[in-house]
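Here the structure comes first, spelled out in structure tokens, and everything after it is commentary.
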Amino acid sequence: MANDVQEQLIRFPGYSVEETAEEEVSLRPDDLARHKRVSLPFLFIWISLMAFGFIMMFSASFGESFVNSSIYINVIEDEAALQDLPEALRTEVVADATASAARQLRMSVAGSIIAIAIAIFVPFRQLLRPGLREIAYYVITALLIYTAFKGVTSQGAQRWVVIGAVQFQPSELAKIGVVYYLSSYFYERQQQRKYKPEMEAPWDKKESDLKNKHRETFRDFTRPLLRMGLWVILVLLQPHMSGAIILTVLTILMFLMGKIPGRSLARGFALHAIPLLLVVLLLFSLLIPVFYDKSMPEFVSERFAHSQKRMDLYRDRDSVDADGRRQVEQAEIAFGVGGLTGVGLGRSTQKLNWLAEAHNDFIYPIIGEELGLIGTLSVLLMFMLFLIGGFFIAARASNMAARNIAAGFTFLIVFQAFLNMAVATSLIPATGISLPFFSAGGTANVIFALAAALILCVSKTGVQRNPLLVSVLDHNKN
């Protein structure tokens with residue numbers, strides 16, 4: 001009977017011979033069969049977000065782009081004739097208001113094409129190779145370490161790396177890396193535990209039970225915790241508080257979804273995590289005075305002074321000077337002026353040097369000013385659809401790694417979007433987080449496109465009802 005079932009199952013794409021073993025068939029519903037196409041609804045939602053985001057980014061950036069690209073040139077090349085002209089007529093301004101948008105469009109289109117190609121042509125199983133996971137981890141770690149020593153500093157933070165003509169933040173790559181690395185790692189550990197009797201070597205059986213328990217705890221909990229903890233520390237040192245918070249939240253989420261055995265989780269937290277945290281704090285308190293000639297409280301206070309100012313602004317706006325309040329106040333003015341329907345696309349005045357970072361972190365108020373409440377709610381609705389679509393793909397995924405990757409990347413993009421909106425509406429303190437697919441930053445859009453590509457790649461492993469397979473299995477059962 002089992003052989004007959006296997007023969008029927010093999011006729012349907014997506015199943016391997018190993019997966020159609022009798023014990024595997026009994027573990028999933030009999031009326032399910034795999035499909036090999038990417039999720040077209042999710043693809044449509046993602047492309048719609050990209051298109052809407054580019055339109056708003058162009059609208060919010062053309063004023064600043066015009067100023068930044070302005071070049072004063074002589075109206076004539078003849079120096080003698082030039083001197084005869086009044087000073088006001090000697091030069092003219094040449095500028096390109098589309099420079100920022102054109103750069104964003106090139107990066108976004110290139111990233112989207114690569115992402116769609118990955119989603120369509122790369123089998124998901126190939127992404128779970130341990131070697132690929134380790135390469136990704138060490139590349140991101142090297143970039144974060146390089147940033148700590150040689151990174152580009154801007155606005156008091158050393159967060160950027162320049163490679164050729166491309167400038168990006170390795171912390172953005174780390175967000176993708178957390179989800180990918182932990183999803184693949186925990187799935188590998190799950191498979192090792194599942195087939196442990198066959199994999200266990202004779203000398204392992206002679207070791208003490210306590211030693212085996214600690215080894216399993218280290219593999220299940222402590223090793224991934226140490227690796228992700230290193231990333232969080234390196235991002236904190238930039239300093240990039242919001243990036244470290246997102247990395248921490250993603251790490252916790254992946255640990256909760258990783259199906260770590262309860263005993264390993266309890267032992268790891270009590271016997272490994274807490275002592276390691278105390279050791280790290282002790283090391284920092286000893287080493288900071290040596291390298292920075294400051295006590296640890298002084299170092300933290302100076303390093304994160306900007307975060308303290310933002311907290312003061314959030315708690316008591318009147319305690320901050322006018323310059324400190326300007327950003328949040330101008331954002332509120334933008335929302336107020338927009339009203340229900342907005343002043344019209346491209347007609348914002350706040351983006352004309354009133355609201356800083358209007359094309360980047362604070363693009364959401366510009367949407368509110370130009371498109372009104374209808375526009376801001378439309379953005380919120382699109383991200384909600386993105387969330388539902390991503391979680392739907394995760395729910396239909398074929399294994400734990402696929403589910404965690406789809407759910408993790410969906411959560412990352414939507415969580416960051418909601419944080420950005422909350423900052424723009426003064427619901428939480430300012431964090432300096434961009435709005436995915438909307439804020440300026442071509443490399444960031446490429447990274448988010450990669451996340452969307454992996455979600456689409458997972459959608460190929462999903463399951464759907466196949467009436468023919470149902471009838472075959474029902475016939476064999478009878």
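Quick notes
Yes/no matrix, rows are residues, columns are (1) under 25 Å from Ser100 (Cβ atoms); (2) surrounded by 13 or more Cβ atoms within 10 Å (Cβ to Cβ); (3) among the hydrophobic types (A, V, I, L, M, F, W, C):
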{"residue": "Leu271", "(1), (2), (3)": "no, yes, yes"}
{"residue": "Leu283", "(1), (2), (3)": "no, no, yes"}
{"residue": "Val290", "(1), (2), (3)": "no, no, yes"}
{"residue": "Glu302", "(1), (2), (3)": "no, no, no"}
{"residue": "Trp354", "(1), (2), (3)": "yes, yes, yes"}
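- Restricting attention to segment 151-205, the residues that are outside any helix (DSSP H, G or I) and either of a type in the set (Phe, Trp, Tyr) or at pLDDT 90 or above (or both) add up to 3.
- Screening the candidates Ile145, Ile120 for the property of being part of a helix (DSSP H, G or I), in contact (Cβ under 8 Å) with a residue 24 or more places away in the chain and under 17 Å from Tyr181 (Cβ atoms) yields one hit, Ile145.
- Answer residue from segment 304-314, given it is in contact (Cβ under 8 Å) with a residue 60 or more places away in the chain and over 18 Å from Val235 (Cα atoms) and is surrounded by the fewest Cβ atoms within 10 Å (Cβ to Cβ) among those: Met311
- Tabulated pairs, segment 254-277, first touching a residue at least 12 places away in the same chain (Cβ under 8 Å), second of a type in the set (Gly, Ala, Ser), C-beta under 7 angstrom, 6+ apart or interchain: Met254/Ser183; Met254/Gly408; Met257/Ala407
- Residue selected from segment 133-158 under the condition on the phi < 0 side of the Ramachandran plot and small (Gly, Ala, Ser), by the criterion surrounded by the most Cβ atoms within 10 Å (Cβ to Cβ): Gly151
- Taking first residues from segment 214-228 that are free of Cβ contacts under 8 Å to residues at least 60 places away in the same chain and partners that are outside any helix (DSSP H, G or I), the Cβ contacts under 7 Å between residues at least 6 apart in sequence or on separate chains come to Asp220/Ile260; Asp220/Pro261; Phe221/Ile260.
- Of all residues in segment 419-439 being of a type in the set (A, V, I, L, M) and closer than 11 Å to Asn360 by Cα, the one that is modelled with the lowest pLDDT: Ile433
- Restricting attention to segment 294-331 and to residues that are in contact with a helix residue (DSSP H, G or I) (Cβ under 8 Å, 6 or more places away or on another chain) and charged (D, E, K, R), the residue that is modelled with the lowest pLDDT turns out to be Asp312.
- In segment 220-252, the residues that are of a type in the set (Lys, Arg) and surrounded by fewer than 17 Cβ atoms within 10 Å (Cβ to Cβ): Arg223
- Restricting segment 356-408 to residues that are acidic (Asp, Glu) and assigned to a helix (DSSP H, G or I) leaves a set whose member that is surrounded by the fewest Cβ atoms within 10 Å (Cβ to Cβ) is Glu370.
- Sole exception among (1) within 30 Å of Phe221 (Cα to Cα); (2) in contact with a helix residue (DSSP H, G or I) (Cβ under 9 Å, 6 or more places away or on another chain) for Val279, by number: (2)
- Residue in segment 356-377 that is out of contact with any Asp or Glu (no Cβ under 9 Å at 6 or more places or on another chain) and more than 21 Å from Leu49 (Cα to Cα) present: yes
- Some residue of segment 329-347 being touching a residue at least 40 places away in the same chain (Cβ under 8 Å) and assigned to a loop (DSSP other than H, G, I, E, B): yes
- Test result for Glu298, touching a residue at least 60 places away in the same chain (Cβ under 8 Å), part of a helix (DSSP H, G or I) and among the acidic types (Asp, Glu): no
- Filter result for Pro289 (more than 20 Å from Ala424 (Cβ to Cβ) and in a helix (DSSP H, G or I)): yes
- When the test is whether a residue is in a loop (DSSP other than H, G, I, E, B) and at pLDDT below 85, Glu92 does not pass it.
The values are calculated or read from the model by the stated rules, or taken from the named source; none is laboratory data. Keep in mind that this is a model prediction, so the values were computed, not measured. Note that each Cβ is placed from the backbone with ideal geometry, even for glycine, and that neighbours are counted across all protein chains shown.
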